[in-house]
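Some notes on the structure that comes next.
The values are calculated or read from the model by the stated rules, or taken from the named source; none is laboratory data. Here the structure is a predicted model, which means the values were calculated and not measured. A quick note on method: Cβ atoms are made from the backbone with ideal geometry, for glycine too, and the neighbour counts reach across all protein chains shown. Just so you know, the surface numbers come from the protein's heavy atoms only, side chains and all, with ligands and any DNA or RNA stripped out. Shrake-Rupley method; radii C 1.70, N 1.55, O 1.52, S 1.80 Å.
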Amino acid sequence: MSQFSNDKPTACLALADGTVFYGEGFGATGTSVAELCFNTAMTGYQEIMTDPSYAGQIVTFTFPHIGNVGVNPDDDETGDPVADGMVVKWMPTHSSNWRAVQELSDWLTARGRIAIGGIDTRRLTRAIRQLGAPHVALEHNPDGNFDLGALVEKARAFPGLEGVDLAKDVTCAQSYRWNEMRWAWPDGYTPQTNAKHKVVAIDYGAKRNILRCLASAGCDVTVLPATATAEEVLAHNPDGVFLSNGPGDPAATGKYAVPMIQTILNTTELPMFGICLGHQMLALALGAKTVKMNHGHHGANHPVKDTETGKVEITSMNHGFAVDSQTLPTGVLETHLSLFDGSNCGIRMADRPVFSVQQHPEASPGPQDSYYLFERFAESMGKAKAEKV
């Protein structure tokens, strides 16, 4: 008896080395070519698929129950899915959750994203670890007819993410204000009406929940595009500057982001806080370098040690590049490191309220152990303003 509902596979995943995985397609039909990564989170597939940091990537979910809680508009991290595809072990079952308003498969179809189920995700994850994030072509064809040679060639032709600036593709087109705070029972999302600090957030691919966390920490947030200049940032007379998460090679984005950050650091004493790509942008601006990782960090169970307090935080991670801690200049301290592989996860300037982390303290999805960083940012702005008086 065939394992596929149509008696033959309706989707296949072709790796650049010629390996092919057959499965059952759902979501949109067609072909997607991208880098393949895996994510170990047990929850939050909707937040992951709509995280702009996943631009240029297809996500393999190691947790088998993907789709069982459906989808709802409150959990979108941006307007549409950004990840280029989804790979899962089991086909999604009918959703069962009081917040669900749509089935995962219907949501993917409507948003033009391809998915494949029935895959041995443990074998695929081992392949990703061994090969480094491979280039792949994913096709969903209900007829089950595939030109495997052409798919493998498409995977081999994918240029990869090194040297590619993807922030410009996912950033906002123009500036906007943000005042929505974190979700809380029973009211859901509520507006910030008593903000104490004016923050300019640079959008390299910002997740909505990061902006909500800033608002919940007492910030009046103005979001600017990734290409904003220092003059445009300072025109808003901010109390602090936030550098968001985002996709692609930090060295490529840094060609325009680094000069802006350096100008602000050299001409003001403003507090600055960065997350993920924003962390890498700050590190580059301070004189450090970044490197491409073998398969990156993607999940909601990553242990990160605060080197200054000894505290270990369980965090959400999503990055394929890392700051090379060996290149940190004098006056820049390493504050956090991964307990999985020792890679850098945080820095700060020794004499100024300028800091950043690789992990995602907004916890979407994932633990809230690092949320204190938003409060630290707010406190640094309050202290800076008090010193001016």
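Need one number: nm distance between label points at Thr267 and Ala235, each 7 Å from Cα along Cα→Cβ, rounded to one decimal.
With each label point 7 Å from Cα toward Cβ, the separation is 1.3 nm.
Please turn the phi angles of segment 231-248 into ³J(HN,Hα) values with the Karplus equation 6.51 cos²θ - 1.76 cosθ + 1.60 (θ = phi - 60°), one per residue in order, whole Hz, x for glycine and proline.
Karplus values, whole Hz, x for Gly and Pro: 4, 5, 5, 6, 4, 8, 6, x, 8, x, 10, 10, 10, 7, 5, x, x, x.
In segment 1-139, if the dipole is taken from +1 on Lys/Arg beta carbons and -1 on Asp/Glu beta carbons about the Cα centre, which of Leu36, Val69, Ser96 is farthest to the positive end?
Leu36
Heavy atoms of the protein only, probe of 1.4 Å, neighbouring chains included. What is the accessible area of Tyr22 in Å², nearest 10?
100
Would you work out which of Pro367, Leu339, Pro353 lies farthest towards the positive end of the dipole of segment 307-386? Charges go on Cβ: Lys and Arg +1, Asp and Glu -1.
Projecting each Cα onto the dipole axis, the largest value belongs to Pro353.
Quick one: pull the percentage of alpha-carbon pairs in the chain with a separation above 29 Å.
41
Packing-wise, with mean Cβ within 10 Å as the measure, how do 9-15, 90-96 rank, highest first?
The packing order, highest mean first, is 9-15, 90-96.
Using only Cα atoms, what is the ratio of the radius of gyration of segment 35-157 to 2.2 N^0.38 Å?
Dividing the Cα Rg of segment 35-157 by 2.2 N^0.38 Å gives 1.04.
Let me spell out the model: positive unit charges on the Cβ of Lys and Arg, negative unit charges on the Cβ of Asp and Glu, origin at the Cα centre of the chain. What dipole size does that give, in debye rounded to 20?
Working: 30 positive and 43 negative charges, 106 e Å.
It comes to approximately 500 debye.
In terms of Cα to Cα distance under 20 Å, which lysines are near enough to Lys154, apart from those fewer than 8 places away along the same chain?
Correct list for Lys154: empty, as no lysines qualify.
Of all the accessible heavy-atom surface of segment 240-389, with the other protein chains kept in place and a 1.4 Å probe, what percent is carbon and sulfur?
Here it works out to 52 percent.
Using 0.36 nm per residue of separation minus the Cα-Cα distance, give me the extension gain between Leu148 and Ala173 in nm, one decimal.
Values: separation 25, 0.36 × 25 = 9.00 nm, distance 3.84 nm.
Computed gain between Leu148 and Ala173 is 5.2 nm.
Report, in debye and to the nearest 20, how large the dipole of segment 1-103 comes out about its Cα centre when Lys and Arg carry +1 and Asp and Glu carry -1 on their Cβ.
About 400 debye.
Say each of Glu387 and Asp341 gets a label point 7 Å from the Cα, pointing the same way as Cα to Cβ; how far apart are those two points in nm?
3.7
So, for the chain, what is the accessible surface per residue at a probe of 1.4 Å, expressed in square angstrom?
In whole numbers, the chain has 41 Å² accessible per residue.
Using r as the Cβ-Cβ distance of His94 and Met293, and R0 as 30 Å, what FRET efficiency do you calculate, to the nearest 0.05?
Between His94 and Met293 the formula returns 0.20.
Can you work out the Karplus-derived ³J(HN,Hα) for every residue in segment 49-56? Use 6.51 cos²θ - 1.76 cosθ + 1.60 with θ = phi - 60°, whole Hz, and x for glycine or proline.
5, 9, 7, x, 5, 8, 4, x
In nm, to one decimal, how far is the Thr190 label point from the Glu375 one, both placed 7 Å along Cα→Cβ?
1.8
Tell me the angle of helix 250-267 to the major Cα principal axis of the chain, expressed in degrees between 0 and 90 and rounded to the nearest ten.
Orientation of helix 250-267: about 10 degrees from the principal axis.
Pick from Gly188, Gly320, Gly163: which is most flexible by mean-square fluctuation in a GNM of the chain where alpha carbon atoms under 10 Å apart are linked?
Gly188
List the aspartates and glutamates whose Cα lies under 15 Å from the Cα of Lys305, skipping any in the same chain that are fewer than 8 positions away.
Filter leaves Glu313, Glu334, Asp341, Asp369.
So if I place +1 on the C-beta of Lys and Arg and -1 on the C-beta of Asp and Glu, and nothing else carries charge, what would the dipole magnitude of segment 122-168 be about its Cα centre? I want it in debye, nearest 20. Before the final figure, lay out the partial values.
Numbers: 7 positive and 6 negative charges, 80 e Å.
Roughly 380 debye for segment 122-168.
Treating cross-link reach as a plain straight distance, find the lysines whose alpha-carbon is under 16 Å from the alpha-carbon of Lys196, omitting any fewer than eight places away in the same chain.
Lys196 reaches Lys383, Lys385, Lys388.
Once you've got the Cα coordinates, tell me which of Lys207/Lys311; Lys168/Lys292; Lys89/Lys311; Lys8/Lys89; Lys207/Lys255 are over 28 Å apart.
Lys89/Lys311
Just subtract the alpha-carbon distance of Thr222 and Asp7 from 0.36 nm times their residue separation and send over the number in nm, one decimal.
72.1 nm
Apply the Karplus parameterisation 6.51 cos²θ - 1.76 cosθ + 1.60, with θ equal to phi minus 60°, to every residue of segment 33-46 and state each ³J(HN,Hα) to the nearest whole Hz, in sequence, with x for glycine and proline.
So the Karplus estimates, Gly and Pro as x, are 10, 6, 7, 9, 10, 10, 10, 9, 5, 8, 9, x, 4, 5 Hz.
Given the rule -39500 (n - 2.57) for each run of at least 4 DSSP H residues, summed and divided by the residues of the chain, what is its mean residue ellipticity at 222 nm, to the nearest 500 deg cm²/dmol? All intermediate terms of the calculation are to be shown ahead of the outcome.
Details: 10 runs with 97 residues, N = 389.
After summing the helix terms and dividing by the residues of the chain, the value is -7000 deg cm²/dmol.
Show me the ranking of peptides 200-206, 288-294, 219-225, 44-50 by mean Cβ neighbours inside 10 Å, starting with the highest.
200-206, 44-50, 219-225, 288-294
Could you work out the relative contact order of segment 127-284, using alpha carbon pairs under 8 angstrom and six or more residues apart, expressed as a whole percent?
This gives 23 percent for segment 127-284.
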